[in-house]
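The values are calculated or read from the model by the stated rules, or taken from the named source; none is laboratory data. Just so it is clear, the structure is predicted and the values come from calculations on it, not from any experiment. Every residue, glycine as well, gets a Cβ built from its backbone with ideal geometry; the counts of neighbours run over all protein chains shown.
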Amino acid sequence: MAARRRGEVVSNSRLRVPEHPLIERIVVSDGFDAADDWIAEAADAKSIVVTADILLADRALKAGATVLAPTGKPFTTASIGPAIATRAIMADLRAGMGDGMGGPPPFSKADRSQFLQALDAALVRLKRAG
């Protein structure tokens, strides 16, 4: 499991994460965006941030981190601007239509496989850049 190489799980409440000496649990205050703030401030060029939150992805990219969506799709400096714009459009649509729009498709085995491959590739790149 790639996450066992070294990882921090940051949240504002305790999450169920396998016990492992290379996984550190960091629980921050329950303030608005407290976990995002901690992650963005701690991120650097040696970090891999996994998030579906586009605004956090933007902050982590600006800090120099490698950023992946949970499906393995990388966020890049070239892709983050359009992603932020799409997020704003979708927020406007949801505001006008209510909650009837639905959400993203369920996480699939293919998503898991794609994520693990992307994470492994990112870890290898960081190790080589060393």
Quiz prompt | D36 in a helix (DSSP H, G or I), farther than 23 Å from A121 by Cα and either in contact with an Asp or Glu (Cβ under 8 Å, 6 or more places away or on another chain) or at pLDDT below 90 (or both) | solution = yes
Practice problem: Could you identify the single residue in A78, A60, A95, A85 that is assigned to a helix (DSSP H, G or I), modelled with pLDDT of 95 or more and more than 15 Å from the chain's Cα centre (by Cα)? | Solution: A78
Quiz item: Of the residues that sit in segment 105-130 and are under 30 Å from K46 (Cα atoms) and assigned to a loop (DSSP other than H, G, I, E, B), which one is modelled with the lowest pLDDT?
Solution: G130
Quiz prompt | Candidate set: segment 39-57, residues that are part of a loop (DSSP other than H, G, I, E, B) and either exposed (fewer than 15 other Cβ atoms within 10 Å of the Cβ) or aromatic (F, W, Y) (or both); chosen: the one nearest to the chain's Cα centre (by Cα) | solution = A52
Exercise. Output yes when any residue across segment 77-90 is under 22 Å from L126 (Cβ atoms) and surrounded by 13 or more Cβ atoms within 10 Å (Cβ to Cβ), and no when none is.
Key: yes
Quiz prompt | Test: residue in segment 39-47 that is polar (S, T, N, Q) and under 23 Å from V10 (Cβ atoms) | solution = yes
Exercise. Output the residues belonging to segment 10-33 that are touching an Asp or Glu at 6+ places or on another chain (Cβ under 9 Å), surrounded by fewer than 15 Cβ atoms within 10 Å (Cβ to Cβ) and among the β-branched types (V, I, T).
Key: I26
